[in-house]
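First comes the structure, then the notes that go with it.
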Amino acid sequence: MKRVGKVAALAGLVALLATGCSGDEVLRFGWPVGVTEQATEMRWLWTWSVIAALVVGVIVWALIFWASVFHRKKKNADPTELPRQFQYNVPLELFCVVLPLVMVCVLFFFTATTENDVLAKKPNPDVTVNVIAFQWNWEFDYPNEPKDANGQIIKTVGSSTEIPLLVLPVGKNIQYNLRSADVIHSFWVPEFNFKRDVFPYPEKNNQDSSFQNTIDQTGEFVGRCAELCGTYHSMMNFEVRALPDNLYTHYIQLRTQINPATGQPNTAAEALTALGQSDPTCGVLCTPHAVTTEPFNTDRTAR
Ligand SMILES: [Cu+2]
């Protein structure tokens, strides 16, 4: 018994150390890192669901252990005699039906309320972006921001040589309006813990093609298309650049201004370069090109 205990403790220790989990990861129970308020809310649901499952698990394991260790066949037992039977014990059977039902109801309640919160939309979002997916890239428009010096909406379009940067502020309620110019794509930023299909003509199909979230930390987060949409589907990447609010406002200002070198309003890359020059603390956040992914080679004979 003592040896079994030692071996079990050692196996547990090895499992814990060999998986290389940090304290934070252990508490997340495998839930991926998220950077939005909504992702945090989903993580809470996951963490408490796992804790509840573990509590049930511990009780069930203890009962199995108790039954198999302390209720073994007695040495001098009569082999023809059955152990005590429980199958028509009404209170016990009621308990075994009602308790799981209560557990399912509790899980359902917290799942439904979390989903409602994650999908909730406020009437007046702080920032609105129109996300247009096309084979095989992305366009991001800022319809509610000031127009640029040419009177055009500020927009960032990706190409086969440039990853589009979706620049957004942290701590603000952001609305994403999704639409496709051709086939079905899917807007996915892994760190948002959120993914939604991007359809053509969403209004014709009565689709709710928008969602909102609030990013709660600055950083560079890769975005991907998560719906097989053709030849270059796997390279249909973009990058979310979550800036502090004051830098975001400055970025939008720069996007409206004419770049003397080109005679045109600043592109995303030019605006980020200027932003980095005006605020040296900006660092990686102001890199003019994507840092989480690379443009793809369209030469199909390249390999
Ligand atoms: Cu796609």
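General remarks:
- Stokes-Einstein D for the stretch 168-219, Kirkwood Rh over Cα pairs, 10 °C, 1.306 mPa s (µm²/s): 132
- Student exercise, the chain dipole from Lys, Arg, Asp, Glu Cβ charges, in Debye to nearest 20: 1640
- When peptides 215-227, 44-56 are ranked by their average number of other Cβ atoms within 10 Å per residue, the highest-first order is 215-227, 44-56.
- Cα gyration tensor shape for the stretch 128-173, rounded if a/c is under 1.5, else prolate or oblate: oblate
- Applied to the stretch 25-35, the Karplus parametrisation 6.51 cos²θ - 1.76 cosθ + 1.60 on θ = phi - 60° returns per-residue 3J(HN,Hα) values of 5, 4, 6, 7, 6, x, 5, x, 5, x, 10 Hz, with x for Gly and Pro.
- As a length-normalised measure over Cα pairs under 8 Å and 6 or more apart, the relative contact order of the stretch 59-187 settles at 21 percent.
- Note on the chain: lysine pairs with Cα distance below 23 Å, sequence gap of 8 or more or different chains, count 11.
- Convex hull volume per residue, computed on the Cα atoms of the stretch 223-303, equals 140 Å³.
- For the chain, the membrane-span-like helix rule (DSSP H, alpha carbon extent of at least 30 Å along the helix axis, mean Kyte-Doolittle at least 1.6) picks out 90-119; this says nothing about an actual membrane.
- Percent of beta bridges antiparallel (DSSP, the chain, rounded to nearest 5): 70
- Cα gyration tensor category, rounded, prolate or oblate, for the stretch 108-241 with a/c compared to 1.5: rounded
- Share of carbon and sulfur in the accessible heavy-atom surface of the chain [1.4 Å probe, %]: 62
- The 1.4 Å probe gives accessible areas that order His233, His289, His185, largest first, as His289, His233, His185.
- Kirkwood analysis of the Cα pair distances in the chain returns a hydrodynamic radius of 23.7 Å.
- Rounded if a/c under 1.5, otherwise prolate or oblate - the stretch 7-86, Cα gyration tensor axes: oblate
- Cα pair count fraction exceeding 15 Å, expressed as % - the stretch 34-123: 76
- Accessible area expressed per residue, the chain, with surrounding protein chains retained (probe 1.4 Å, Å²): 62
The values are calculated or read from the model by the stated rules, or taken from the named source; none is laboratory data. Since we're looking at a predicted model, the values are computed, not measured. Ideal geometry is used to build each Cβ from the backbone, glycine not excepted, and the neighbour counts take in all protein chains shown. Surface areas here come from the heavy atoms of the whole protein model, side chains and all, with no ligands, DNA or RNA. Shrake-Rupley method; radii C 1.70, N 1.55, O 1.52, S 1.80 Å.
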